[in-house]
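Trainee: Okay, here's the structure, questions in a sec.
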Amino acid sequence: MLNHHLTHNNISITLNVMEKQSHKTRRAKRLYTLKDKNLNDVQIDLNNYRVICNKTHKRKSFYHKYLHNLIERKYNGNIDLFREGYVSREATPDKNERRVKQLQARISRLYVQISNLKGELAEVESGTVCFPAAE
């Protein structure tokens, strides 16, 4: 705090002025060792790391331990694979869309199986396929 004393027309005034203190933000660094695309070790501060979704292009931040575990688990500890392949939950299809795709794929596989069985039945009915006699 600074005291300023002013005198004007025989009037004395004392002002107390607060000094503006510069406040430096200091974020802790949490360095983790990950691999790059050439499989070299790289040190990255994941505490201050901002992720960009490859579909929505939105920036997102994570708790550093969660982010490290995510990269280790899903991207084999490779930061470059993570940067190229990360898609946020917001951009992923919802459960119903995923279920519809699963069911459509299953129906397609079953149609192929039915078609194969119909062909096999037609061969047996026409007598063109000879099975070895059972003994």
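All of the numbers you see were taken from the coordinates with simple rules; none came from a lab. Owing to the predicted nature of the structure, the values given are computational and were not obtained by experimental measurement. Here the Cβ positions follow ideal geometry from the backbone for every residue, glycine too, while neighbour counts run over all protein chains shown.
Trainee: Counting Lys and Arg as +1 and Asp and Glu as -1, each charge on the Cβ, what is the dipole of region 27-94 about the Cα centre in debye, to the nearest 20?
Mentor: For this selection, approximately 280 debye.
Trainee: Note down the relative contact order for region 29-135 as a percent, whole number, built from C-alpha pairs under 8 angstrom at least six residues apart.
Mentor: Relative contact order here is 20 percent.
Trainee: Related question: Which of the lysines could a cross-linker bridge to Lys37, judged by Cα under 30 Å and excluding same-chain residues fewer than eight apart?
Mentor: Lys29, Lys55, Lys58, Lys60, Lys65, Lys74
Trainee: Taking amide hydrogens as modeled 1.01 Å from N in the peptide plane, which residues meet the under 5 Å criterion relative to Asn47, leaving out close sequence neighbours?
Mentor: Amide H to amide H, under 5 Å and 5 or more residues apart or across chains, Asn47 pairs with Arg30.
Trainee: Okay, moving on. Multiply the residue separation of Asn48 and Leu31 by 0.36 nm, subtract the distance between their alpha-carbon atoms, and state the gained length in nm to one decimal.
Mentor: Working it through step by step, the gained length comes to 5.1 nm.
Trainee: Subtract the Cα-Cα distance of Val100 and Ile114 from 0.36 nm times their separation in residues, and report this length gain in nm to one decimal.
Mentor: 3.0 nm
Trainee: Same structure again: Excluding residues fewer than 8 places away in the same chain, name every one of the aspartates and glutamates whose C-alpha is closer than 12 Å to that of Lys101.
Mentor: none
Trainee: Using modelled backbone amide H atoms (1.01 Å from N, in-plane), which distant-in-sequence or interchain residues come within less than 5 Å of Asn78's amide H?
Mentor: Here Lys35 satisfy the definition.
Trainee: Work out how much length Glu123 to Asn76 would gain on full extension: take 0.36 nm times their residue separation and subtract the Cα-Cα distance, in nm to one decimal.
Mentor: My answer for the length gained is 11.9 nm.
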